[in-house]
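In what follows, a single structure is set out as structure tokens and then discussed.
The values are calculated or read from the model by the stated rules, or taken from the named source; none is laboratory data. Note that the structure is predicted; figures quoted are calculated from it, not measured. Cβ atoms come from the backbone with ideal geometry, glycine included; neighbour counts cover every protein chain shown. The area values use the complete protein model at the heavy-atom level, side chains included, leaving out ligands, DNA and RNA. Shrake-Rupley method; radii C 1.70, N 1.55, O 1.52, S 1.80 Å.
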Amino acid sequence: MSEQNVKVRVSHMTKQFGDLLVLNDISFDVKQGEFMCVVGPTGCGKTTFLNCLTKLKGYDLTKGEILINGEPVNLEKHNVAYIFQEYSSFPWYTVEENIAYGLKVKKRPKEEIKAAVEEMLDMVGLTEYRSYYPDQLSASMLQRVSIARAFAVKPELLLMDEPYGQLDNELRYKLEDELIKLWQHTGTTVIFITHNIEEAVYLSEKILVLTNKPTTIKKEIANDLPRPRDVTDIEFNKLRDEVTDLIKWW
């Protein structure tokens, strides 16, 4: 991979809490515009992994470094968005006000904010719900608001922590398709944590399989299945089974 194509470079990422070693010497690259999914056994430290990438308080690396565009990650400088497992809409704001929030924080011009909100409302199918408040929305609509708000700021890196884990399969499939559409439209680099192997195969261009704690990388797998992907396809199921076996057997 040429240096100019590397968006995120993680070198020797190690995180220890007291005597507990959670992440153990993890290194990988993510290309510009790549969609990478991270899977691993329950409790292996996938969320810790993502929190270290965002440099949340208490998650400074014990060892190693994280670079974006060849520079140490700096959330004041780098445009990074994070979508959590929990719905994170502000209950006192309408749908369109929630989507506009990040743009207003960044002090973008009013016309730019208006145009971005309209574009996102249309892309996630919430235009007719623009004046609704979060308590008037379904679970899938709430997650669409979070996704629209994240993409509205045109992040160079989007981190997603099991955002569809609480949804049923039908809703999840719909939102996965919307996410792919937004990702292809914006060219954003995405790192997506999931415990759902089928979801990882459906979404990703690359899959990072993690081990149990102390967590290392078990395998990095390129996913070049053609899109749109068919979950009944033989090659799809072959890849899903390969990832499942990697997680199952240690």
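For the stretch 185-250, build the convex hull from the C-alpha positions and give me its volume per residue in Å³.
On the way: hull volume 6.2 nm³, N = 66.
Cα-based convex hull of the stretch 185-250, divided per residue, equals 94 Å³.
Which of rounded, prolate, oblate describes the stretch 8-47, given a ≥ b ≥ c as roots of the alpha-carbon gyration tensor eigenvalues and a/c under 1.5 marking rounded, otherwise prolate only if a/b is larger than b/c?
Working: a/c = 3.57, a/b = 1.59, b/c = 2.24.
Judged from the Cα gyration tensor, the stretch 8-47 comes out oblate (a/c at least 1.5, b/c at or above a/b).
Express in whole angstrom the spacing between the alpha-carbon centres of the stretch 85-133 and the stretch 162-184.
About 19 Å separates the Cα centre of the stretch 85-133 from the one of the stretch 162-184.
Dividing the convex hull volume of the Cα atoms of the stretch 112-242 by its residue count, what figure in Å³ per residue is obtained?
Values: hull volume 17.1 nm³, N = 131.
Per residue, the Cα convex hull of the stretch 112-242 comes to 131 Å³.
Hey, in the GNM for the chain with a 10 angstrom Cα cutoff, which one of ARG172, ARG130, ARG108 fluctuates hardest?
Comparing ARG172, ARG130, ARG108 in the GNM, the peak value goes to ARG108.
Give me the 1.4 Å probe accessible area per residue for the chain, excluding ligands and nucleic acids, in Å². Walk me through the numbers on the way to the answer.
Numbers: 12170 Å² over 250 residues.
Roughly 49 Å² per residue, with all protein chains present.
Using a 1.4 angstrom probe on heavy atoms only, work out the carbon and sulfur share of the accessible area of the chain in %. Present the calculation step by step, with values, prior to reporting the outcome.
On the way: 6090 of 12170 Å².
Carbon-and-sulfur percentage of accessible area, whole number: 50.
Note the angle between two axes, namely the Cα long axis of helix 95-105 and the longest principal axis of the Cα atoms of the chain, as a number of degrees from 0 to 90, rounded to the nearest 10.
Helix 95-105 sits at roughly 70 degrees to that axis.
Just to be sure I understand: of the beta bridges DSSP finds with both ends in the stretch 157-235, what percent are antiparallel, rounded to 5? Numbers along the way, then the final one.
Details: 5 of 10 bridges.
Here the share of antiparallel DSSP bridges comes out near 50 percent.
How high is the relative contact order of the stretch 194-250, in percent, counting Cα pairs under 8 Å that sit 6 or more residues apart?
On the way: 54 pairs, mean separation 19.4, N = 57.
Rounded, it is 34 percent for the stretch 194-250.
Considering only lysines 8 or more places apart in sequence, or on different chains, count the pairs in the stretch 119-250 whose C-alpha atoms sit under 19 Å apart.
For the stretch 119-250, qualifying lysine pairs total 11.
Divide, for the stretch 34-137, the radius of gyration over alpha carbons by 2.2 N^0.38 Å, where N is the residue count. Display every interim value, and only then the final one.
On the way: Rg = 17.0 Å, N = 104, 2.2 N^0.38 = 12.8 Å.
Rg over 2.2 N^0.38 Å, computed on Cα atoms: 1.32.
Sequence gap at least 6, Cα distance under 8 Å: using those rules, report the relative contact order of the chain to the nearest whole percent. Please report the intermediate quantities before stating the final value.
Working: 432 pairs, mean separation 66.9, N = 250.
Relative contact order, the chain: 27 percent.
Take every DSSP beta bridge with both residues inside the chain and express the antiparallel ones as a percent of the total, to the nearest 5. Working shown, then result.
Working: 20 of 38 bridges.
Percentage antiparallel, nearest 5: 55.
When ranked by the protection proxy of mean other Cβ atoms within 10 Å per residue, highest first, what sequence do the peptides 146-156, 236-246, 113-123, 187-197 form? Don't jump to the answer; show the numbers that get you there.
Working: 146-156: 22.5, 236-246: 16.0, 113-123: 17.8, 187-197: 20.8.
Packing proxy ranking, top to bottom: 146-156, 187-197, 113-123, 236-246.
In debye, nearest 20, what is the charge dipole magnitude of the stretch 108-183 about its Cα centre with +1 on Lys and Arg Cβ and -1 on Asp and Glu Cβ, if you could check? Mind dumping the intermediate values first?
On the way: 10 positive and 15 negative charges, 54 e Å.
Computed about the Cα centre, the dipole is about 260 debye.
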